[in-house]
Amino acid sequence: MSERVSLIIPTQRRLGGLQVAARSVFAQQGVDPSRLELVVVDNDQVPSAQETIDALAAEAPFPVVYVHEPRAGVANARNAAMSQAQGDLIAFLDDDEEAPPTWLAGLLATRDALEADVVFGPVRGRAPPEIERHRTYLETFFSRLGPDQSGAIEHYYGCGNSLLRRAALPDPQAPFSALRNHIGGEDDLLFGEMKAQGARFGWAAEAWVWEDPVPARLSLGYTIRRAFAYGQGPSAACAVAKPPNYLGLAYWMTQGLAQAGVFGLLAAFKWLIRAPDFAFTLDRAARGLGKTLWWGPFKIEFYGRGAA
């Protein structure tokens, strides 16, 4: 197959992680380099990553395209990269991820075998040695788990470590909704729309990547807030649907209230007895609360106002 592949890395003031991610892309094996390009989109008000990308381009085995998108927001960043990418297939890698040399070949093989519109791969969270408290929970939180074997799946995951067929996108140039610029979940909206239109999803079990969260994210203070925001996703999606899905919204809010109550009480008990899995239980309570408190003043913004 001779389809061109654009590898996209969005970034915002994470030059160290960006260099690791880009060099892992340069080291990919089993794929003809003449089919590849790397598109890096710098979502900073000033082009803070341009010098780094220019240096990386000098060592790249295929073209590197630098895109500066000063408008804050994760959807803006992804759309800016998509508008410049030339590929028939689009592979996304985050700037805190590192791909093994067989990563891209694994995604492409699964895509070809399944004729899938989108293929997702596992993510393995990796904390530095000095992180001891809640280490198992934190590494799990930043991981993406899935089936042990590659194959077709009915549901979808996030954009990081994924391969998309451009022709299957509702809008091939700007598929990500600006409604999610600051809270994230722009990929959930896109893949949900694609699923409704009959898109085929695949899972590439061998196409895994490492994720190395920045130190500021390796704490319960960050992850529980993030879990709350993840919980808001399904309720918010029902609210912004056209027409609004009020029945679905009622379902998610009711489920969330029950989840928050049950796991909140259980988390309090586990905290009292210093149970080692306390953080996992608190996480589930936070996600439930997010399903219930999803609107206006309860929305949490993670993008476009600091770290990307």
For residue 239, are the conditions met, namely being over 30 Å from residue 45 (Cβ atoms), surrounded by fewer than 20 Cβ atoms within 10 Å (Cβ to Cβ), outside the structural domain of residue 176 (by TED's automatic domain parsing) and touching a Leu at 6+ places or on another chain (Cβ under 7 Å)?
yes
Starting from the stretch 153-167, keep only residues that are in contact (Cβ under 8 Å) with a residue 40 or more places away in the chain and at positive phi, then list their pairs with residues that are buried (at least 18 other Cβ atoms within 10 Å of the Cβ) and part of a loop (DSSP other than H, G, I, E, B) whose Cβ atoms are within a distance under 8 Å, requiring at least 6 positions of separation or different chains.
161/93; 161/94; 161/99; 161/121; 161/122; 161/207; 161/208
Which one of these does residue 225 not meet: (1) in contact (Cβ under 8 Å) with a residue 12 or more places away in the chain; (2) under 17 Å from the mean Cα position of the chain (by Cα); (3) under 23 Å from residue 122 (Cβ atoms)?
(3)
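A quick yes/no check of all residues on (1) over 16 Å from the mean Cα position of the chain (by Cα); (2) assigned to a strand (DSSP E or B); (3) under 21 Å from residue 10 (Cβ atoms); (4) among the aliphatic types (A, V, I, L, M):
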position: 95; (1), (2), (3), (4): no, no, yes, no
position: 105; (1), (2), (3), (4): yes, no, no, yes
position: 110; (1), (2), (3), (4): yes, no, no, no
position: 172; (1), (2), (3), (4): yes, no, yes, no
Single condition residue 71 does not satisfy, out of (1) surrounded by fewer than 20 Cβ atoms within 10 Å (Cβ to Cβ); (2) in contact (Cβ under 8 Å) with a residue 40 or more places away in the chain; (3) not in a helix (DSSP H, G or I); (4) not polar (S, T, N, Q):
(2)
Pick out the one residue from 42, 54, 32 that is buried (at least 22 other Cβ atoms within 10 Å of the Cβ), over 23 Å from residue 170 (Cα atoms) and of a type in the set (Asp, Glu).
42
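The values are calculated or read from the model by the stated rules, or taken from the named source; none is laboratory data. Computed from a predicted model, the values in this text were never measured in an experiment. A quick note on method: Cβ atoms are made from the backbone with ideal geometry, for glycine too, and the neighbour counts reach across all protein chains shown.
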